[in-house]
Ligand SMILES: O=C(O)c1ccc[n+]([C@@H]2O[C@H](COP(=O)([O-])O)[C@@H](O)[C@H]2O)c1
Ligand SMILES: Cc1cc2nc[nH]c2cc1C
């Protein structure tokens, strides 16, 4: 017998409420369990073959003094990921999450035997201070490649996928994209990124204001905004997230930059929010407001501002706990525990 959506939702909620606990006492874990069961349309949800993809890209805007670190760190960190030494490697290993390192457009030729997945769209974007970050063709390629990597991962049996990134300068791209997509003053979207001091932050703000003035004619079309302000890894994440939704996967969203990629995807298909778990509220200034605008309730708030998918990795065991209680806890009936009095 085919169950209606309303019936299924009622049954999921009933299963949660009949567990041996005071009603609502597992808090956010209850919401996550409900969401995952609902996405998977089942009373026995499963998380299988979890993956995190780190999308890496270099940014032309990095030469405008908007980051506390030099642009070459992007390629150097990709090598570090490949050698297993970065924070995301540690957390992914700890929680048995498959890690995929993807070159969306790093300004470096990787030639050792250890290479990132090659989806290179170019050797970094143009500085969007006085040019478009990428061409329309490059932006389209980001979407095609993002979808392709997710399809490949889906074929391994994975149904839960985290999105992280690496790209010196990408909080600048992300801040401008957020400001355009939400029609917010850029000052509300800009933060210290990798750790700018107050003077450097003022410079970042003025660079981004100038860029916005230069691109004044850009309207609110998300594809046009992504193309104008980049980066390759942000556009590719956006395309990948949309595919993960098409494949009915659980979409784990990392920090500020990943959330901005999500916002662009949401503007293209707002149903994607049904599959999304916002893993961690970053310390980057704009993230809180962005999550508020999405009505999103992050699983964790640990004052991290690293990216790489680290928020997804550290939140993952909690998401597993949500599914585990839903599947394994006894009910009042099965354990013969008395229910609430009146
Ligand atoms: O994910 C976040 O919330 C986050 C916040 C601040 C910085 N980051 C990371 O730092 C880099 C961007 O910072 P920046 O200062 O170079 O724009 C990039 O590699 C991101 O992964 C990440
Ligand atoms: C060292 C370093 C590691 C990172 N991981 C993600 N963004 C980063 C930025 C820097 C500077």
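Okay, here's what the table says:
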| quantity | calculated |
| --- | --- |
| Using alpha-carbon coordinates, inclination of helix 136-154 to the longest axis of the chain, degrees | 30 degrees |
| Rounded tilt (10° steps) of 310-328 against the dominant C-alpha axis of the chain | 10 degrees |
| Rounded to 5, the percent of DSSP beta bridges in the chain classed as antiparallel | 5 percent |
| Packing rank of 281-288, 152-159, where each peptide gets the mean count of other beta carbons within 10 Å, highest leading | 281-288, 152-159 |
| Relative packing of 312-322, 70-80, which averages over residues the other C-beta atoms within 10 Å, highest first | 312-322, 70-80 |
| Percentage relative contact order, the stretch 51-319, counting C-alpha pairs under 8 Å, at least six apart | 26 percent |
| Distance (nanometres) between label positions extended 7 Å along Cα→Cβ at residue 270 and residue 209 | 3.3 nm |
| Cα centroid of the stretch 7-43 to Cα centroid of the stretch 196-249, whole Å | 36 Å |
| Most fluctuating residue given options 237, 249, 268, as computed from a GNM of the chain linking Cα atoms under 10 Å | 268 |
| Degrees separating the helix 256-268 axis from the principal Cα axis of the chain, which is the longest one | 80 degrees |
| Segments 30-40, 332-342, 162-172, 50-60 sorted - mean Cβ within 10 Å per residue, highest first | 162-172, 50-60, 30-40, 332-342 |
| Prolate/oblate/rounded label for the stretch 51-319 (Cα gyration tensor, a/c 1.5) | rounded |
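Since every read-out is calculated from the coordinates, none of them should be taken as a lab result. These numbers were taken from a predicted model, which means no experiment stands behind them. Heads up, the Cβs are rebuilt from the backbone with ideal geometry, glycines too, and the neighbour counts pull from every protein chain shown.
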